[in-house]
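Written below as structure tokens is the structure these notes are about.
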Amino acid sequence: MDITQLQTFVRVSQYGSFTKAGEQSFISGTAVMKQINRLESELNLKLFVRTATGTKLTAEGEKFLPYVNQILSLLDTAIEETRKAGLSGQNIINVGTSILHPADPFMEIWKKITAQMPDYQIRIVQLQEDLRSKNREYAMLGKNCDIIVGTFDNTTLKQSFDAITLGQYDFGIAVRSDNPLAKLSQISFEDLDNQELLSVPMGISEKNDQLRKIIHDKYPTIKIVETTGRYDMNTFNQAVEENIPLITLTPWKRIHPNLVSIPLETDIHVSYGILTTKFPGSKVDDFLLKLSKVLKS
């Protein structure tokens, strides 16, 4: 039994499917199943009931799950405390990163200004989605990370988090590499006439809503196919599997190897920056204050 098996066990329990758990781990559903089969064999326990529609924890699996979560949490704590011992005298700022919320834009800036902020050390933390929250990775702020890089064009986010603007993301249209649109250097709304277009529902992103209004008013032949909420990897897989163009943003250009992102002809852009909770604590407050001064200098 190893840590990977335990992490896979937790993920399968969350998603109720070997295939979906595999998508989140970037491995095949068969590979996930083999890990679980090996774990069950080593423990001599049946942890999941397999059905045609997915998986469900057995009574033994339900009992095992909270202990596994404790083990993984304790391991994270042990690693964090050990790293702190090697960085005594410096303030550690945990920067969350994920496929949908990459820390790259901030880290490119940090490389240039790190000499001006010698009292701080950056640690990158891989974010896991909080599936109980409609804001997903945003829900991790203040829990396992101090800051993340993300967009904040939503009223709820503006009320819940503070932000330092770093720049603007551009909209694009992601299409499967064999789609005729993939040959274009830029896509206009006219190019999408009589086609389906994947988009988040109204009310999630103010800027995306502006695009949707333009489509509704001027291009009624474009059929909007709404996702169930904010994008996740399943959204990009859907765009590939169903060959449907998808509204995308700058940081997601290379998120799926079978998708090509083409710039969208529009004057609408989405602001992004460093996000933190309204009350992040004195250490993070001081960091953001000094960072703002450095960025303005």
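Values quoted throughout were computed directly from the atomic coordinates according to the rules given, and no laboratory measurement underlies them. All values derive from a computational prediction rather than experimental measurement. Using ideal geometry, Cβ is built from the backbone for each residue, glycine included, and neighbour counts are taken over all protein chains shown.
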Quiz item: How many nm is it between the label spots at Q116 and K283, if each spot is 7 Å from the Cα in line with the beta carbon?
Solution: 2.4 nm
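When the convex hull of the Cα atoms of the chain is projected onto a plane and the area is averaged over all directions, what value comes out in nm²? Can you show the working numbers first?
Working: hull surface 72.2 nm².
Average projection, Cα convex hull of the chain: 18.1 nm².
Treating only the Cβ of Lys, Arg, Asp and Glu as charged (+1, +1, -1, -1), what charge dipole size does the chain show about its Cα centre? Round to the nearest 20 debye. Can you show the working numbers first?
Values: 33 positive and 35 negative charges, 111 e Å.
Using Cβ point charges on Lys, Arg, Asp and Glu, the chain gives about 540 debye.
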Exercise. Please give the length that would be gained between R123 and Y219 if that part of the chain were fully extended, namely 0.36 nm times their separation in residues minus their C-alpha to C-alpha distance (nm, one decimal).
Key: 30.0 nm
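I need the Kirkwood Rh of segment 167-268: take the reciprocal of the average 1/r across all distinct C-alpha pairs and report it in angstrom.
Details: mean 1/r = 0.0740 Å⁻¹.
Roughly 13.5 Å, rounded to one decimal.
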Quiz item: Based on Cβ point charges of +1 for Lys and Arg and -1 for Asp and Glu, what charge dipole magnitude is obtained for segment 167-268 about its Cα centre, in debye rounded to the nearest 20?
Solution: 200 debye
Quiz prompt | Structure-based [θ]222 nm, the chain - -39500 (n - 2.57) summed over DSSP H runs of at least 4, per residue, nearest 500 | solution = -12500 deg cm²/dmol
Quiz prompt | Net dipole in debye of segment 1-64 [+1 Lys, Arg Cβ; -1 Asp, Glu Cβ; about Cα centre; nearest 20] | solution = 160 debye
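Can you give the FRET efficiency to the nearest 0.05 for E226 and Q195, using r as the Cβ-Cβ distance and R₀ = 22 Å?
Details: r = 15 Å, r/R0 = 0.69.
The formula returns an efficiency of 0.90 here.
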Self-check item: Mean separation of Cα contacts under 8 Å, 6 or more apart, over the residue count of segment 1-64: relative contact order %
Solution: 29 percent
Quiz item: Residue farthest toward the positive end of the dipole of the chain, with Cβ of Lys/Arg at +1 and Asp/Glu at -1: which of N179, A21, F48?
Solution: F48
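Once the Cβ-Cβ distance between S188 and N237 is put in as r, and R0 is 30 Å, what FRET efficiency do you end up with, to the nearest 0.05?
Working: r = 26 Å, r/R0 = 0.87.
The calculated FRET efficiency here is 0.70.
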Quiz item: Can you tell which of N94, P105, Q238 lies farthest toward the positive end of the dipole of the chain, using +1 and -1 charges on the Cβ of basic and acidic side chains (Lys, Arg; Asp, Glu)?
Solution: N94
Exercise. Considering Cα pairs under 8 angstrom that are at least six residues apart, work out the relative contact order of the chain and quote it in whole percent.
Key: 20 percent
Quiz item: Averaged over all directions, how much area does the convex hull of the C-alpha atoms of segment 223-297 cover when projected, in nm²?
Solution: 8.2 nm²
